[in-house]
Amino acid sequence: MVNTNDRPGPSTSKHRGRPPKEPAWLNAVAQSVGRGMSLRKALWKYEVWGLTEAEINNIYRWVRFRKYAEEARIEYFREYGRSPRRSKVRPLEKFVASFNAPDFIDRLLMESKK
């Protein structure tokens, strides 16, 4: 029987296809969520705009997001000795999110200059 590790040539991987791409903001947002911030607030903190409600809810299903958030939660627990408290998204925050936030901020800035 031939061992596959002894074969010459490129190494074969059990996982086929393109490796998954990870957004640059994912780790930072997951760290904030793991420390108790809501996902929407964390996305705003790192200036991630334009996601729909379904896309935001889908982020919770990402394996890497859950991994990073759990690691941050464990770090927080070790550091402070208690679980971080979750804050719910308030209706006003959902209302503001329904607007395109960068355009909304630009309009507010233009009104303040007048």
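What follows is calculated from the coordinates using simple rules that are stated; it is not laboratory data. It should be emphasised that the depicted structure is a prediction, and the values quoted were computed from it without experimental measurement. As a convention, Cβ positions derive from the backbone with ideal geometry for all residues, glycine included, and neighbour counts pool all protein chains shown.
Ordering 53-59, 22-28, 38-44, 63-69 by mean Cβ neighbour count within 10 Å, with the highest value first, yields 38-44, 63-69, 22-28, 53-59. Note on residue 46 and residue 71: the model spin-label points, each 7 Å out from Cα along the C-beta direction, lie 1.2 nm apart.
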